[in-house]
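A single structure is presented below for examination.
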Amino acid sequence: MRKLTFIAAAVSIALLGGCQQTPEQQSTPSVQAQPVQSEIEKANAFFEDTFNRDVMSSPVYQTYMGIKQDYDKWDDGSEERALKDLQQTKDDLVALNAINRDLLDDSTKVSYDLKKQDLENNIADFKWRYHNYPVNQMFGVHSMIPAFMINQHQIGDVSDAKAYISRLNGVTTVIDQLIKDLETRASKGIIAPKFVFPHVIDSSKNIILGAPFEKGEDSTLLADFKRKVTALEIDQAQKDSLINDAEKALKSAIKPSYSKLINYLAQLEKRADDRDGAWKFPDGEAFYNNALARTTTTDLTAKEIHTIGLAEVSRIHDEMREIKDKVGFKGDLKAFMQFMKTDKQFYYPNTAEGKQRYLDEATAMIDNMKTRLDELFIVKPKADLKVKAVEAFREKAAGKAFYQQPAPDGSRPGIYYANLYDMEAMPTYQMEALAYHEGIPGHHMQIAISQELEGVPKFRKFGGYTAYIEGWGLYSELVPKEMGLYEDPYSDFGRLAMELWRACRLVVDTGIHEMKWTRQQGIDYYVNNTPNATSDGVKMVERHVVMPSQATAYKVGMLKILELREAAKVKLGDKFDIREFHDVVLKNGAVPLNVLETFVDQWVASKSAA
């Protein structure tokens, strides 16, 4: 499937200061300002036009955006389309370079630089387009198809239902293109490790279980289609006809396509091995260091990131020992971690009452933080934040906690979702840090404010940089500690445990992909250095293997924000204002860390001069 990338992670760029008018310039006739405005309009029209064009060239992304123009189609995942997209990107870069950057205002210059960086990175990274696994245990075309149809393809009338059926029939081409992609990778020596295949094959088999493929309960897709069509206000004969057509598509397109994929994967599995790192790829070392640059938006090398991770793990362990001694625990840190993991006092019962108590206390933490926002922020989001449990229909597969951004029109608040499916996975000592990370002052402050920014192009509103976004979330776990919260030492341990997990990611990701660690070495590192369960370590290492570099973003982002804050404090002394610093960090939306550094440096310089 074609993957739209509106914002690529960044390499270093220079953001020049805005054009300041002298008093003489300000007093000249208004005709003098016309060329500036014209160039700004040209730039913003370019941003708008290219964003809309990219959306409209992707039926899948159209559906995510609520557009139904190509509601019956899938994206084109062919090599021909990839080459066409590359040429379009090159043409876009030529068009962008034709815009005179010197005639843009500060805000438009930021957009210009980010867009240019995005285009240049996409062109440079085209050579790495096969250095990944398009099907794996985390994500992939095989699982995207049913998830997309169930969660994104809504049926509001008969034409939507027919479009659903057309998409079912279109899966034949999608799977054929996927298999061709997998074989191209295999010819280059890029095959997922053996552990991936049972996960992917089982997931694929699950799609073709049940009716109409065999007797029994309806399959996942048929049940979804029936549920949506049954809700339509049309006569029963029309409903029966649509369901019959869907069953035909499932049997003639979905069944043979997934069977073909399963058979191919079973053969490909025989060619797989147990080598886990990206070092096994052609030019693997260069690929991985490029991936780190894109993910972290820094120039840190793998070895530097590994060293940073080791130092952070050691520091956090020392802080945990202080808490262990503070609460009077007798035993070493390993024993204390085991106590925190197993003692019943840290877990609410897996009952309706236990779950409600968790939600009530998390809400109280959020509400308390809302009353403290003036201490931290100048600009605050208009959208409210609510705390909810993950819904029953998806709680088993969903993550531990996550944030859903508010509706742009204000019709829906931001939501901090806590997954209470397994209460033993939600220790109370992590409750506070989770609430701050996913809610306030974490993702809600950053994402809601970004969404409400005025005069920012759509490619920035709908794009993002993981190092910035998750770096802010992790930084937001620490800020309440500096405000005097985490009064319960066990909650402070929970904060450190969550930070420790992200620090270990730096060590293990680089260990696997740069230093040729085995999968088991990575699992052992998590088990021996964190209070988390072995199963957590297994899942995390398997995530590292199939997503090289991705997990390094969190801690690198947090450390960069802290580094910029401390440098500003040193330079500004009494002039430093934490509210102004946070305003600088948030007011431009998500940006690469090197760009953020430029913003902070400019703010420090202006404060120093004042």
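What follows is calculated from the coordinates using simple rules that are stated; it is not laboratory data. Quick caveat, the model's predicted, so the values are computed rather than measured. Cβ coordinates were reconstructed from backbone atoms using ideal geometry, including for glycine residues, and neighbour counts include every protein chain displayed.
Around I234, what is the net charge, scoring Lys/Arg as +1 and Asp/Glu as -1 over all other residues with Cβ under 11 Å from its Cβ?
-3
While we're looking at this one, here's another question. Mean projection of the alpha-carbon convex hull of the range 457-610 over all orientations, in nm²?
Mean projected area of the Cα convex hull: 11.2 nm².
What is the diffusion coefficient of the range 447-517 in µm²/s, taking the Kirkwood radius over Cα pairs and the Stokes-Einstein relation at 10 °C with a viscosity of 1.306 mPa s?
The estimated diffusion coefficient comes to 106 µm²/s.
Report the full-extension gain for the segment N100 to F126: residue separation times 0.36 nm, less the Cα-Cα distance, to one decimal in nm.
Full extension of this stretch gives 6.7 nm more.
For the range 23-128, what is the convex hull (Cα atoms) projected area averaged across all directions, in square nanometres?
8.8 nm²
Give me V110, V171, V527 ranked fewest to most by other Cβ atoms within 10 Å of their Cβ, as a rough exposure proxy.
With the fewest neighbours first, V110, V171, V527 line up as V527, V110, V171.
Can you give the helix-only mean residue ellipticity at 222 nm for the chain, where every DSSP H stretch with n ≥ 4 adds -39500 (n - 2.57) and the sum goes over all residues, rounded to the nearest 500 deg cm²/dmol?
Calculated from helices alone, the mean residue ellipticity at 222 nm is -19000 deg cm²/dmol.
For an R0 of 51 angstrom, estimate the FRET efficiency from the Cβ-Cβ distance between L359 and K180 and round to the nearest 0.05.
Step by step, r from the Cβ atoms, then E = 0.60.
Within 10 Å of each residue's Cβ, count the other Cβ atoms and sort I469, I207 from fewest upward.
I469, I207
Between I378 and D343, what FRET efficiency follows from the Cβ-Cβ distance if R0 is 45 Å, with the result rounded to 0.05?
0.60
Based on the Cα atoms of the range 141-278, what semi-axes does the equivalent ellipsoid have, where each is the square root of 5 times one gyration tensor eigenvalue, given in whole Å with the largest first?
Taking √(5λ) for each Cα gyration eigenvalue gives 33, 14, 12 Å.
Okay, moving on. Over all distinct Cα pairs, what is the inverse of the mean 1/r for the chain, reported as the Kirkwood hydrodynamic radius in Å?
26.6 Å is the Kirkwood radius here.
Something else: Rounded to two decimals, what ratio of Rg to Rh does the range 290-554 give with C-alpha atoms and a Kirkwood Rh?
A ratio of 0.96.
Are any of the pairs K481/K560; K280/K458; K194/K226; K280/K539; K458/K569 more than 30 Å apart by Cα-Cα distance, and if so, which?
Long pairs (Cα-Cα over 30 Å): K280/K458; K194/K226; K458/K569.
Past 29 Å, Cα to Cα: identify those pairs from K205/K228; K42/K571; K326/K575; K205/K396; K73/K180; K115/K380, in the order given.
K42/K571; K326/K575
Among V556, V158, V196, which comes first, then next, by fewest other beta-carbon atoms within 10 Å?
So the residues, fewest neighbours to most, are V158, V196, V556.
Just round it to a whole percent: the fraction of Cα-Cα distances in the range 372-433 exceeding 16 Å.
Counting pairs separated by more than 16 Å, the tail of P(r) holds 57 percent.
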